[in-house]
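Input: one structure, supplied below.
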Amino acid sequence: MYKEFFNLEDTPFTLTPDPRFIVFTPSYNEVLASLYYGLENAKGLIVLTGEVGTGKTTALRWILRRLDSSVLAAYVFNPRLSIDEFYHHVTQMLGIKDWNNKAELLT
């Protein structure tokens, strides 16, 4: 509908956010710069929160596509994980071997 009406080459509104359609406002640029700086400079755990539809997922996907290949990043998209599920998800995304207990994880 949008594509034909506005004579667009691609559909701008899909179920999965597409970073190609970011509107780079000053506040959005600040968020992207902060995320990029934190990840590139190994500043530890970075949490991005916000209301539904504010561009969190799009910002993260945009940043993750631009990170140096040496940067390890884990994108946790499920807010309902238990603490053990959270640890497993993050360690898998970072390529850390399986662990049986928290003590083993920390070694």
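Aspartates and glutamates near Lys56 by alpha-carbon distance under 17 Å, same-chain residues fewer than 8 away left out - which ones?
Qualifying aspartates and glutamates at Cα under 17 Å: Asp18, Glu30.
Run the numbers on segment 2-73 and let me know its relative contact order in percent, using alpha-carbon pairs under 8 Å that are six or more apart.
Details: 36 pairs, mean separation 21.6, N = 72.
So the answer I get is 30 percent.
Could you please report the charge total around Leu60, scoring K, R as +1 and D, E as -1 over all other residues with beta-carbon less than 14 angstrom from its beta-carbon?
Its environment carries a net charge of +3.
With a/c under 1.5 counting as rounded, go ahead and sort segment 62-105 into rounded, prolate or oblate using the C-alpha gyration tensor (a ≥ b ≥ c being the square roots of the eigenvalues; past the cut-off, prolate if a/b is larger than b/c, else oblate).
On the way: a/c = 4.08, a/b = 1.54, b/c = 2.65.
Taking the square roots of the gyration eigenvalues as a ≥ b ≥ c, segment 62-105 is oblate.
Further question: Which semi-axis lengths, in whole Å and largest first, follow from the square roots of five times the eigenvalues of the Cα gyration tensor of the chain?
Numbers: eigenvalues 206, 55, 32 Å².
Ellipsoid half-lengths, sorted descending, are 32, 17, 13 Å.
The numbers here are math on the coordinates, done by the rules we state, and not lab data. Predicted, not measured: the structure shown is a model, and the values here were computed from it. Counting neighbours? That spans all protein chains shown, and the Cβs are built from the backbone with ideal geometry, glycine included.
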